[in-house]
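My questions all concern the structure below.
No value in this document is a laboratory result; all are computed from the given coordinates. Small disclaimer: the values here were computed from a predicted structure and weren't measured. Cβ placement follows ideal geometry from the backbone for every residue including glycine, while neighbour counts extend to all protein chains displayed.
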Amino acid sequence: MGLTRFGRPKGGKGQSSPNLYVANCGPAVGLSYDTIAAVFAAFGEIKGVYAADESGARVVVSFAEEGCAQNALNALGGRPCPELGGRSLHIRYSVIQPTSQGRANDSVPVSLLASDLNIPGLYLFHDFVTAKEEEELLAAVDERHWNNLSKRRVQHYGYEFCYETRNVDSRKNLGELPRFVSPILERISMLPNCKDDEAIVLDQLTVNEYPSGVGLSPHIDTHSAFEGLIFSLSLAGPCIMEFRRYLEGGLPPRPSSSSDFEVECSEKNSNFLRRAIYLPPRSMLLLSGEARYAWNHYIPHHKIDMVNDSVIRRGSRRVSFTLRKKEINCYALDDTELEQVLANVNFLNIATLRD
């Protein structure tokens, strides 16, 4: 559901508007848009009720006439409303903000199936592990040491990803993957998408723990560090994952530092395709081919996600198991080599190849 963009009137508090920003009101607090519209319709014709942001607890009520909005503000602002569960509504005027040319909507329709996104190489397997297996996997990693990053905790197995160099140090082999992931590896080998490939030997595991509200910036996993198949198992909590394919050429500026192994893309570049999918707990995501190399993946920094017309609250934590195979010749490309790669690879998003 795309968000209509609203803001404060330029004239300040004294300027009226047919649109009202209403806080403490919305699906996240148990109030449907139809219920909100019915209450405010007592003051005049309603053009629509819109999400003010992605919190689910703030809306914009749009009237046909300014006088109707003024009457509603005077009657309901700062007072408990019995028809809306007795909630006190915080109301102010709001105006529609112009949308700059080429700017994407703040949100996109969320699919439940990977096939709906029409991204080659993207697969989602629901209920890849059972609830009991999920519990055992979480217990296994919680018994081990976590490394703290700026906003999340991580564990590395097989090979450690070096955040300073944004690459894998092949000389630092941490040993075989832990036995608690053996059933996952066996199940992966039985996937129909993998049976035709040569024996898949995944030798690197990163476990990420995301607190509620923490996500990831748009990125592609470092291409020179890992081979073409990336598996990510979601545990403990759900999230929305968005995919972006940037259409403009050129390389983004190299970040000066990073706590994540990601190639970030400038948010100022609005010329991109967008898709979004809901990742429930215990689901396995597979990125391969075009989905792996040409599309950035991104987890919005939200505590509440809007899945179509439903409000999904993220859990207190989300844990992901990301399994990959280290690239045999693992090294970073210099600028000359990078230009040669870009000249010979047509379908890749050239804005995401720099390590």
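Tell me the net charge near Phe63. Cut-off is 11 Å between Cβ atoms, Phe63 excluded, with +1 for each Lys or Arg and -1 for each Asp or Glu.
Numbers: positive: Lys47; negative: Glu45, Glu65, Glu66.
Net charge around Phe63: -2.
What's the FRET efficiency of Asn74 with His301 using the Cβ-Cβ distance as r and R₀ = 35 Å, to the nearest 0.05?
Numbers: r = 36 Å, r/R0 = 1.04.
Calculated value: 0.45.
Then there's this: Quick one: which residues, 5+ away or cross-chain, put their amide H under 5 Å from the amide H of Val168? H built at 1.01 Å from N.
Close amide H contacts, sequence-distant or interchain: Cys162.
Report the gain in length on full extension from His90 to Met190: 0.36 nm times residue separation, minus Cα-Cα distance, nm rounded to one decimal.
Numbers: separation 100, 0.36 × 100 = 36.00 nm, distance 5.45 nm.
30.5 nm is the gain from fully extending His90 to Met190.
What FRET efficiency do you get for Arg179 and Val29 if R0 is 45 Å and r is their Cβ-Cβ distance, rounded to the nearest 0.05? Before the final figure, lay out the partial values.
Working: r = 45 Å, r/R0 = 1.00.
Working from the Cβ atoms, E equals 0.50.
Give me the extension gain from Leu138 to Ser150: residue separation times 0.36 nm, minus the current Cα-Cα distance, reported in nm with one decimal.
Working: separation 12, 0.36 × 12 = 4.32 nm, distance 2.13 nm.
The span from Leu138 to Ser150 would gain 2.2 nm if fully extended.
In whole Hz, with x marking every Gly and Pro, tabulate ³J(HN,Hα) for region 225-239 from phi via Karplus 6.51 cos²θ - 1.76 cosθ + 1.60, θ = phi - 60°.
After applying 6.51 cos²θ - 1.76 cosθ + 1.60, I find 8, 10, 6, x, 10, 10, 10, 9, 9, 8, 10, 6, x, x, 6 Hz.
Something else about it: Please give me the summed charge of the neighbours of Ile119: other residues whose Cβ is under 12 Å from its Cβ, Lys and Arg +1, Asp and Glu -1.
Details: positive: Arg244, Arg245, Arg274, Arg275, Arg292; negative: Asp116, Glu242, Glu290.
Local charge sum for Ile119: +2.
If you stretched the chain out fully between Val201 and Glu83, how much longer would it get, using 0.36 nm times the residue separation minus the C-alpha to C-alpha distance? The partial results should precede the final answer.
Values: separation 118, 0.36 × 118 = 42.48 nm, distance 5.96 nm.
Separation in residues times 0.36 nm, less the Cα-Cα distance, equals 36.5 nm.
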